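Below you'll find the structure, written out as structure tokens, and then a few comments.
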Amino acid sequence: MTKAIIATIISCVIIIFTVIGYSQTNQEALIKEGWQQGYEAGYDLGYNEGVKDGAGSGYNIRDPTYQEMLTFLASDPTDKNIYNIENYTCQNFASDVLNNAFNNGIKAGYVWVEFPEGAHALVCFQTTDKGLIYIEPQYDHEVSVIIGQKYFDRAIYEAPDYDDTIIRYGIIW
């Protein structure tokens with residue numbers, strides 16, 4: 001009888017440990033499955049909200065490499081337009097380049113340069129490999145924007161009939 005009691009006790013212990021082991025293993029599987037479901041639901045919700053809040057339109061724009069900027073400018077037709085003081089000025093050139101860059105997934109900035117007697121609009125790109133690059137959108141030339149210096153490079157452009165010394169500038173991204 002003692003052998004039967006001992007055997008029963010051993011059987012009960014084995015059954016209890018088996019149930020406990022199964023329960024822990026099953027609990028770990030359920031935790032892992034729940035974590036995965038929560039992660040996927042949160043990721044999808046966060047991604048959808050991020051696209052809506054971040055880009056608004058669903059477009060993804062990014063800073064280009066220097067070569068991507070050059071390739072874009074070579075294909076962009078804006079510099080073929082003709083300047084007209086009445087209806088197509090530097091502001092139009094800059095706006096058109098910005099819109100075309102955006103439509104090609106490229107981030108560009110609108111640059112407003114002030115002189116003592118006027119102002120000028122151009123564009124810029126924050127390239128990933130060469131930093132901030134300013135572009136004269138009427139000619140697709142790379143230019144320098146330095147406060148206290150002349151804007152138009154006399155080696156490339158004819159001197160304007162006004163003082164083109166840069167007194168300040170701003171960038172709108």
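Coordinate-derived values only; no laboratory data. Note that the coordinates shown come from a computational prediction; the quantities given were computed from them, not determined experimentally. Note: ideal-geometry Cβ built from the backbone for every residue, glycine included; neighbour counts use all protein chains shown.
Highest mean first, what order results for 78-90, 61-73 on Cβ atoms within 10 Å? Don't jump to the answer; show the numbers that get you there.
Details: 78-90: 11.0, 61-73: 16.8.
Top of the packing list down: 61-73, 78-90.
For the stretch 90-98, just list the computed ³J(HN,Hα) in residue order, Karplus coefficients 6.51, -1.76 and 1.60, θ = phi - 60°, integers in Hz, with x standing in for Gly and Pro.
4, 5, 5, 4, 4, 4, 5, 4, 4
Tally Lys and Arg at +1 and Asp and Glu at -1 over the other residues with C-beta under 11 Å from the C-beta of L98: what net charge comes out? Present the calculation step by step, with values, prior to reporting the outcome.
Details: positive: K107; negative: D76, D96.
Every neighbour counted, the sum reads -1.
Can you list the aspartates and glutamates whose alpha carbon is less than 19 Å from that of K130, not counting same-chain residues fewer than 8 positions off?
D63, E68, D140, E142
With an 8 Å Cα cut-off and a minimum separation of 6 or more residues, compute the relative contact order for the stretch 74-169 in percent. Mind dumping the intermediate values first?
On the way: 153 pairs, mean separation 23.5, N = 96.
It comes to 24 percent, rounded to a whole number.
Can you tally the net charge around F115? Count Lys and Arg as +1, Asp and Glu as -1, for every other residue whose Cβ sits under 13 Å from the Cβ of F115. Walk me through the numbers before you get to the answer.
Details: positive: K150, R168; negative: E114, E117, D161, D163, D164.
Neighbourhood net charge equals -3.
Whole-Hz ³J(HN,Hα) for each residue in the stretch 153-160, computed from phi via Karplus 6.51 cos²θ - 1.76 cosθ + 1.60 with θ = phi - 60°, x for glycine and proline: what do you get?
3J(HN,Hα) across the stretch 153-160, in whole Hz: 5, 5, 6, 10, 10, 6, 4, x.
Relative contact order (percent) for the stretch 123-164, with alpha-carbon contacts under 8 angstrom and 6 or more residues of separation? Kindly include the intermediate steps, with their values, before the conclusion.
Details: 37 pairs, mean separation 9.0, N = 42.
Relative contact order, the stretch 123-164: 21 percent.
Given H placed 1.01 Å from N in the peptide plane, which residues other than close sequence neighbours of V123 have an amide H under 5 Å from its amide H?
Close amide H contacts, sequence-distant or interchain: V111, I135.
Can you run phi through the Karplus equation (6.51, -1.76, 1.60; θ = phi - 60°) for the stretch 123-135 and list ³J(HN,Hα) in whole Hz, with x for Gly and Pro?
Rounded to whole hertz, the list is 10, 9, 9, 8, 6, 6, 10, 10, x, 6, 10, 9, 10.
Around L132, which amide H atoms from residues at least 5 apart in sequence, or from another chain, sit under 5 Å from its own amide H, with H modelled in the peptide plane?
Amide H neighbours of L132, under 5 Å, 5+ apart: T127.
What is the sum of charges around A159, taking Lys and Arg as +1, Asp and Glu as -1, for the other residues whose C-beta is under 14 Å from the C-beta of A159?
Working: positive: K150, R154; negative: E117, D153, E158, D161, D163, D164.
Overall, the nearby charge balance is -4.
Taking loop as defined by DSSP and a crowding limit of 13 other beta carbons within 10 Å, which chymotrypsin sites (Phe, Trp or Tyr not before Pro) in the stretch 94-149 fit? Mind dumping the intermediate values first?
On the way: sites: F102, Y110, W112, F125, Y134, Y139; in loops: Y139.
Passing both the DSSP loop test and the Cβ count: Y139.
Which order results if K107, K32, K130 are arranged by neighbouring Cβ count within 10 Å, fewest first? Before the final figure, lay out each step's value.
Values: K107 16, K32 10, K130 13.
Result, fewest neighbours first: K32, K130, K107.
Just need the relative contact order of the stretch 60-128 here, percent rounded to a whole number, with Cα pairs under 8 Å and 6+ apart.
On the way: 86 pairs, mean separation 27.9, N = 69.
Relative contact order here is 40 percent.
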